Amino acid sequence: MPPTDPLSLSEAKRLAAGADTILLRATREADLETPVGAFLRLDDGGPCYLLESVEGGERVGRYSFLGVGPRRTLEVRDGRAWIVSRPVGVVDFSPDLPLTVEDAPDPLVALRRFLPRRRVAPSAGMPRFTGGAVGALGYDAASAFEPVAMPVPDPVGVPLAAFLETDLVLVFDHLTHTLSAIASLQTEAPDLEGRYRIAERAVFEALERTARPSVAELAPAARPADGQGSAGASRDRGPQAAAPMTEARPEAAHDEAPEASFGREAYEAAVSSAKVAIAAGEAIQVVLARRMSLPLPRRTDGAPMAGLDLYRALRRINPSPYLFFVRTAGFEVVGASPELLLRVEGEALTTHPIAGTRPRGATEAEDELRAEELGRDPKERAEHVMLVDLGRNDLGRVSRPGSVAVTKYMEVERYSHVLHLVSHVEGRLRSELDGLDALRSVFPAGTLTGAPKVRAMQLIAALEGERRGLYGGAIGYLGYDGNLDTAIAIRSAVLRGGVAHIHAGAGIVAGSHPDREFEETEHKAAAIRRAIELAAEPQAGGRGASGGSPGAGPATSAVVPAEPLGSGGRP
């Protein structure tokens, strides 16, 4: 079918009387296309994102979100915020664009200034996310919220926060097999009619571009692959462009990364130290993580593996509720997280604590046996109860009195490779607060720190001895309407400077065995490591492991579209 028309100019003017933002949407059939294929047709090597979802590792979530060519980017580090803006009429996003630097001791305050909440006109049938900011809040940002001094060594070298604002979003609806381009139009700026015409043209052009062959389809080696794309290349255009961006994102601003932050012996010693603190009553649980830094395989043209190639391999072997690929601020992050940190929709708050893990069985009978064992394990149940209580307390600080409830308790959920014990905790946001206040209250997740949270974080800082970067932080979106959806940044890799940085942790309690905890970190990092190997394997046609045409999608026959779920808008 041809693309459907967005709302008329007269309707836009009518809606503008009661809102400061209206949505223009054009939609076409996309039953022969995939989000990855469309993304390859749009990707110009600059800041971008692709958010997908596979519920329970088996059913495709209803929506996938794509964004390229942002209006602005935000980067927060060292108490300052760097904002790069693309003026109206400028097509390409690069560091040559206007740069603003502001004081930003608190990353969430900086994000609120960067993307203030708007009054978005209601529009029927829209997905949960229609435009706003997508990006990541690193674990170390918690030092702005809690009395925790983070370590100085910073091997990964990513910002405390990095977000890109897109007012044009591509949305795949896997239930209706359609692709929509949605533009957010501010009504309070002058010349509404002129900007309406620009937005109208933009949504149709975006749909047209996704129907054309991509550069990657015609010449795979031509695709940018250094984690910076056109933004990285434009740093070399001349001193005028290089000067402000060197201040913003110096290439040498991170320490040289050894192969791992802990070898087996050192990690097991740290586990023993954590157990001493636990025995002394300082904490109940401490989540200790290891960093593994691996050089990325080189492509035939000598460039390191592209983050999108790794993403395609990861989505194939480890489909998860939160699949994400984000490129911004000189790095790429690729992940397949099972765990919702926080969702805010209106006044509804939701968090999903996950604690307790078993590998999937080789047969249905073995799978069922392992699920029963997990549900009965006293150690796993005790840890889960503690973390559910922590989630209830975190939401309770920002919820209306009496509104916090556990709506799903300690149920076994099946994912592609593992079984997890999962609970759902919900609350109703107090009227004087917003979604970022709620994010501050739950951040970082207790499942990535332990409990009590502050003391556990202090012990983590002392025992790990270096910054975690994005690991254990949040990744997701903040909409213009104030809604947000964030996953915990786990089962992920940060790609920077030709190196993949992978973190994996284990929850240490009084009865922990150091050798088993080390093995748990190895198991948790295995999917990302395998994805790197898979993406590097030569395939027919010269493509990476995700092979075939860009529209082919993951080679996972068990992944089929689901009926609409309550979490359908989740990336």
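Derivation of every value follows stated rules applied to the coordinates shown; laboratory data play no part. Keep in mind it's a predicted model, so treat the numbers as computed, not measured. So basically every Cβ, Gly included, is an ideal-geometry build from the backbone, and we count neighbours across all protein chains shown.
A few points about this structure:
- Cα gyration tensor shape of segment 422-475, rounded if a/c is under 1.5, else prolate or oblate by comparing a/b with b/c: prolate
- Modelled FRET efficiency - R0 60 Å, residue 272 with residue 347, Cβ distances, 0.05 increments: 0.85
- Under 5 Å between amide hydrogens, built in the peptide plane, is the criterion, and for residue 53 it picks out 61, 323 among residues at least 5 positions away or on other chains.
- Remark on residue 409: its backbone amide H falls under 5 Å from those of 424, a criterion applied only to residues 5 or more positions apart or on other chains, H modelled at 1.01 Å from N.
- Taking 0.36 nm per residue of separation and subtracting the current Cα-Cα distance, fully stretching the chain between residue 389 and residue 406 would add 5.2 nm.
- Straight-line cross-link reach from residue 408 at under 30 Å between alpha-carbon atoms covers these lysines, not counting any fewer than eight positions away in the same chain: 379, 453, 524.
- Length gained when the stretch residue 360-residue 431 is fully extended (0.36 nm per residue, less Cα-Cα span): 21.3 nm
- Electrostatic bookkeeping for residue 433 treats Lys and Arg as +1 and Asp and Glu as -1; over the other residues with beta carbon under 13 Å from its beta carbon, the sum is +3.
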